[in-house]
Amino acid sequence: MARPLVKVCGMTRMQDVELCVSLGVDLLGFIFHPKSPRNADPDFVASVKTGRASKVGVFVNQTAEEVLETMDRCGLHAAQLHGGQDVDFCWKIGPDRVIRAFWPDTYPSPQALLRDLENYSETCGHFLLDAGTKGQGGTGKSIDLAMLQDIEIQTPWFLAGGLGPDNIREALAVNPSGLDINSGVEKTPGIKDETKLREVFRILAEME
């Protein structure tokens, strides 16, 4: 089977960007949230050349206008929205450029999650299903995958939440369109672990 898209988030260093590009990462995530230990400097992000990999900005509290301004300034291909932004907000950014985060653990049932996803289906190019309850991600926690086994999500979606070499095979079992990797391949917040990243890609290549 073809491997899912791979997004590595929380990029703060050029050497990590270069490593990810050499490994064939599809998307690179840069967090624009001052409270995050992985908060990225816009000037750094603007300077990053990623080849064929797309640049994604992660936003929490910004207005739509601020998101659009940062996207333009930094040459971002997409905005990943982690602040519970509504449908109108997504429309302003542009449906083909929105990755909207949802937190399955906050829903009483898989069907309730699916209803919410369907409400956003026309305003988002992708969904991202993350662990925990809210925020910029990178918590290291994993989703209860049982929530996702009995629903069929029509919009392409990324699975996030503590993904790394130890659990990547389990994550693939729920057939996500993409994998969002962050804390599970780090030495410390914002500093990627080359050995863990290479192992993730070795496992993915093995499963193709």
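Quick one: count up the residues across region 33-64 that are outside any loop (DSSP other than H, G, I, E, B), under 18 Å from the mean Cα position of the chain (by Cα) and surrounded by fewer than 20 Cβ atoms within 10 Å (Cβ to Cβ).
2
How many residues are exposed (fewer than 14 other Cβ atoms within 10 Å of the Cβ) and either among the basic types (Lys, Arg) or not in a strand (DSSP E or B) (or both) if we restrict to region 172-193?
Summing the residues that are exposed (fewer than 14 other Cβ atoms within 10 Å of the Cβ) and either among the basic types (Lys, Arg) or not in a strand (DSSP E or B) (or both) in region 172-193 gives 2.
Are there any pairs with C-beta distances below 9 angstrom linking a residue in region 30-57 that is farther than 11 Å from residue 17 by Cβ to a residue that is acidic (Asp, Glu) and part of a loop (DSSP other than H, G, I, E, B), with the two at least 6 apart or on different chains, and if so which?
Short answer, once both residue conditions are applied: 52/26; 54/26.
Of all residues in region 146-163, which are out of contact with any Lys or Arg (no Cβ under 7 Å at 6 or more places or on another chain), part of a loop (DSSP other than H, G, I, E, B) and surrounded by fewer than 24 Cβ atoms within 10 Å (Cβ to Cβ)?
Once the filter is applied, which keeps residues that are out of contact with any Lys or Arg (no Cβ under 7 Å at 6 or more places or on another chain), part of a loop (DSSP other than H, G, I, E, B) and surrounded by fewer than 24 Cβ atoms within 10 Å (Cβ to Cβ), region 146-163 yields 149, 150, 151, 152, 153, 154, 155, 156.
State yes or no: is residue 29 part of a loop (DSSP other than H, G, I, E, B), out of contact with any helix residue (DSSP H, G or I) (no Cβ under 6 Å at 6 or more places or on another chain) and closer than 22 Å to residue 162 by Cα?
Considered against the rule, which asks whether it is part of a loop (DSSP other than H, G, I, E, B), out of contact with any helix residue (DSSP H, G or I) (no Cβ under 6 Å at 6 or more places or on another chain) and closer than 22 Å to residue 162 by Cα, residue 29 comes out as no.
Of the residues 63, 12, 70, only one is farther than 19 Å from residue 163 by Cβ, in contact with a strand residue (DSSP E or B) (Cβ under 9 Å, 6 or more places away or on another chain), hydroxyl-bearing (Ser, Thr, Tyr) and modelled with pLDDT of 95 or more; which?
When all the criteria are applied, what remains is 70.
Within region 73-95, does at least one residue satisfy the condition of being of a type in the set (Gly, Ala, Ser), in contact with a helix residue (DSSP H, G or I) (Cβ under 8 Å, 6 or more places away or on another chain) and within 17 Å of residue 5 (Cβ to Cβ)?
yes
Residue-wise test of (1) surrounded by 23 or more Cβ atoms within 10 Å (Cβ to Cβ); (2) on the phi > 0 side of the Ramachandran plot; (3) assigned to a loop (DSSP other than H, G, I, E, B).
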| position | (1), (2), (3) |
| --- | --- |
| 7 | yes, no, no |
| 20 | yes, no, no |
| 66 | no, no, no |
| 71 | no, no, no |
| 100 | yes, no, no |
| 108 | no, no, yes |
| 112 | no, no, no |
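Which count do you get for residues in region 1-15 that are within 11 Å of residue 176 (Cβ to Cβ) and of a type in the set (S, T, N, Q)?
Summing the residues that are within 11 Å of residue 176 (Cβ to Cβ) and of a type in the set (S, T, N, Q) in region 1-15 gives 0.
Would you confirm whether any residue within region 161-173 is under 19 Å from residue 54 (Cβ atoms) and in contact with a Leu (Cβ under 9 Å, 6 or more places away or on another chain)?
Yes, some residue in region 161-173 is under 19 Å from residue 54 (Cβ atoms) and in contact with a Leu (Cβ under 9 Å, 6 or more places away or on another chain).
The values are calculated or read from the model by the stated rules, or taken from the named source; none is laboratory data. Please read these numbers as outputs of a predicted model, since none were measured by experiment. Virtual Cβ from ideal backbone geometry, glycine too; neighbours counted across all protein chains shown.
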